[in-house]
Amino acid sequence: QNETPQLNTPGGTPQLSGDIFHDTLINTFHLKIFRPQQREIIETIHSGQDVFVLMPTGGGKTLCYGIPAFLSSGVTVVIVPFNALMADVVQRFNKLHILTKSLNQFTTNDQFLQILHDLNSESPTIKIIVTTPESLKRTDFAKCLQSLHERKMLSRFVIDEVHCLSEASHQFRPDYLDLNKLKEQFTEVQLVMLTATANQETITYLLDYLKAKDSKIFRMPITRDNISYKIILGMKNLQAKHEEIKKIIVNEFPNQCGIVYCNTPEEVMKLSFILSN
């Protein structure tokens, strides 16, 4: 499952140092250095141990499983909650010439059959499959994964945004609950869990629920120096509050990106109208 292939560097001469992780970082992912803890996480995932990673958004979680996926001889299955996130992951890896396919409700029947044909072949060319908990349960795909497992060509499952499985969050996606069966259905297959949102209680719950108590846990500070927060309280008049938010954005954050959170969808619509006019 963890055979080391020749480094793949399309369009250029590989710069080989003998350090497989560093060489892959440079020649395949076109990056110069690892961010804090990335290398240790990558080495642990590559070793086959279950891993839980708490890392802030933008901290480099994709690279943490991307390098092991590239170096593994088998297929890595990445489970994500949103199609937009799926499209971003697929585009990112394919741009690096790491063959990646998505499987969701928008996958056509022809595309689905092509994926199954490749994965059921003696030597699949697909390195990464990005899917949702719902699509994971499609009968033909489930049989395909079982075949990969029996042939020792299923490298790992990566559960991104794993906090969606927590006791409070899973209600919006019931199929997330069935991910606790992965360890039973695919014995000894590695589980990699990623999130930017989890306290110790949540981590303990998730590892217990997913039957991955022996996971190595990596925790990074979730606060980011390049992000600031402002909370507006005590204004019952929505119109006045929205005008205050607009004033803050215009005066303090001109030509910058940001996110405004509201209590209800209705308030989001009203504020969006004010900000766009």
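Just so you know, all these numbers are worked out from the coordinates, no wet-lab data involved. Predicted, not measured: the structure shown is a model, and the values here were computed from it. Positions of Cβ are generated from backbone atoms using ideal geometry, with glycine treated the same way; all protein chains shown enter the neighbour counts.
Quick one: divide the alpha-carbon radius of gyration of the range 87-203 by 2.2 N^0.38 Å and tell me what you get. Here the Cα radius of gyration is 1.10 times the empirical estimate. Considering only the Cα atoms of the range 119-277, their convex hull presents on average a projected area of 13.7 nm².
Over the chain, what relative contact order in percent results from Cα pairs under 8 Å that are six or more residues apart?
Working: 352 pairs, mean separation 60.0, N = 277.
After rounding, I find 22 percent.
For LYS247, the lysines whose Cα falls under 18 Å of its own Cα, not counting residues fewer than eight places away in the same chain, are LYS230, LYS236, LYS270. Look at the alpha carbon pairs under 8 Å that are at least 6 residues apart: their mean separation over the length of the range 49-158 gives a relative contact order of 38 percent.
Between the entries (1) 17.7; (2) 20.0; (3) 15.8, the label attached to mean projected area of the Cα convex hull in nm² calculated for this structure is (1).
Take every Cα-Cα pair in the range 185-257 and report what % of them are more than 17 Å apart. So the pairs more than 17 Å apart make up 65 percent of the total in the range 185-257. Relative to the globular-protein estimate of 2.2 N^0.38 Å, the Cα radius of gyration of the range 231-275 stands at 1.10. With the convex hull of its Cα atoms as the shape, the range 72-141 has an orientation-averaged projected area of 4.6 nm².
Taking packing as the residue-averaged number of other Cβ atoms within 10 angstrom, the listed peptides 203-212, 155-164 run from highest to lowest as 155-164, 203-212.
Counted over all Cα-Cα pairs of the range 121-166, pairs farther apart than 12 Å make up 69 percent.
With only Cα atoms counted, the range 35-95 has Rg and Dmax values of 11.7, 30 Å.
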